[in-house]
Amino acid sequence: MSHYFTDNRDLEKNRKEHSFRFSGRLYNFITDNGVFSKKGVDYGTRALLEALEGETLRGPILDLGCGYGAVGIVMKSEYPAERVVCADINPRAAELTEENCRLNRAECEVYVSDGFAQLECSFRTIITNPPIRAGKAVIYRLFEESFAHLEKDGVLYVVIRKRQGAESAVRKLTDIFGNCERLEQNKGYWILKSIKLTY
């Protein structure tokens, strides 16, 4: 069975285009079978983006597990001077992200990458709506790799539903980073923030 966090380019195509308004700007996204939330930007991503409005982000910025690129493209719009990287293990998702970057005139770098395998730089901000269906082992590996690839004082932002493991994610992030703040809680979605502190 194919999942959105695997190479599923053999799936039949069923491309759709939808719009998304955020912070006074209209974005257009092309989606397809085999990518997460193909019918439109999901509530968790919306909650994550709304929480990030209250933050000041620093680049380079990574949209980890970018899907069709919604978070990375919005971040490039909000922070046009910063380097924004989008990465996903799913080649179809990466292809859609590249197309959506052109569609929205967002100059992001896009990589097909299992976690950080193809990413050579470090980041000051990492943002992820992790692939819950992939299981805790995969998600926690992404948390650990994020810590390793953050610069000092870099920040990881995660959105996760309470009923899908938010409380255990807080414990895991606290183990890795030594801290985890629940930045927002929105209809069962927790937006978590961990900082790679310097001592």
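Structural remarks
Residue-wise test of (1) under 23 Å from residue 24 (Cα atoms); (2) not basic (Lys, Arg).
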residue: 66; (1), (2): yes, yes
residue: 72; (1), (2): yes, yes
residue: 96; (1), (2): no, yes
residue: 100; (1), (2): yes, yes
residue: 105; (1), (2): yes, no
residue: 145; (1), (2): no, yes
residue: 149; (1), (2): no, yes
residue: 158; (1), (2): no, yes
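- Across the range 42-71, the qualifying residues are those that are hydrophobic (A, V, I, L, M, F, W, C) and either without any contact (Cβ under 8 Å) to a residue 12 or more places away in the chain or part of a helix (DSSP H, G or I) (or both), and the one among them that is surrounded by the most Cβ atoms within 10 Å (Cβ to Cβ) is 70.
- The residues of the range 112-132 that are under 15 Å from the mean Cα position of the chain (by Cα) and closer than 14 Å to residue 61 by Cβ, listed by number, are 119, 123, 124, 125, 126, 127, 128.
- Checking every residue in the range 148-158 against the condition of being touching a residue at least 60 places away in the same chain (Cβ under 8 Å) and under 29 Å from residue 13 (Cα atoms) gives zero matches.
- Some residue of the range 135-149 being assigned to a helix (DSSP H, G or I), touching a helix residue (DSSP H, G or I) at 6+ places or on another chain (Cβ under 8 Å) and among the charged types (D, E, K, R): yes
- Residue tally, condition at pLDDT 90 or above and within 14 Å of residue 97 (Cβ to Cβ), over the range 1-29: 3
- Qualifying residues in the range 150-175 (those that are outside any helix (DSSP H, G or I) and β-branched (Val, Ile, Thr)) - the one farthest from the chain's Cα centre (by Cα): 155
- Subset of the range 142-161 [of a type in the set (Lys, Arg) and loosely packed, with under 15 Cβ neighbours inside 10 Å]: 152
- Checked against (1) more than 30 Å from residue 15 (Cα to Cα); (2) surrounded by fewer than 21 Cβ atoms within 10 Å (Cβ to Cβ); (3) not small (Gly, Ala, Ser), residue 190 passes all but a single condition, namely (2).
- Restricting the range 108-134 to residues that are assigned to a strand (DSSP E or B) and either of a type in the set (Gly, Ala, Ser) or touching a Cys at 6+ places or on another chain (Cβ under 8 Å) (or both), the residue that is surrounded by the most Cβ atoms within 10 Å (Cβ to Cβ) is 110.
- Sole exception among (1) touching a Lys or Arg at 6+ places or on another chain (Cβ under 7 Å); (2) under 19 Å from residue 49 (Cβ atoms); (3) of a type in the set (D, E, K, R) for residue 161, by number: (1)
- The residues of the range 176-190 that are among the aliphatic types (A, V, I, L, M) and either part of a helix (DSSP H, G or I) or on the phi > 0 side of the Ramachandran plot (or both) amount to a single one, 176.
- Selection within the range 72-99 - assigned to a loop (DSSP other than H, G, I, E, B) and either surrounded by 22 or more Cβ atoms within 10 Å (Cβ to Cβ) or modelled with pLDDT under 95 (or both): 89, 90
The values are calculated or read from the model by the stated rules, or taken from the named source; none is laboratory data. Note that the structure is predicted; figures quoted are calculated from it, not measured. Here Cβ is always computed from backbone atoms with ideal geometry, including for glycine, and neighbour counts include all displayed protein chains.
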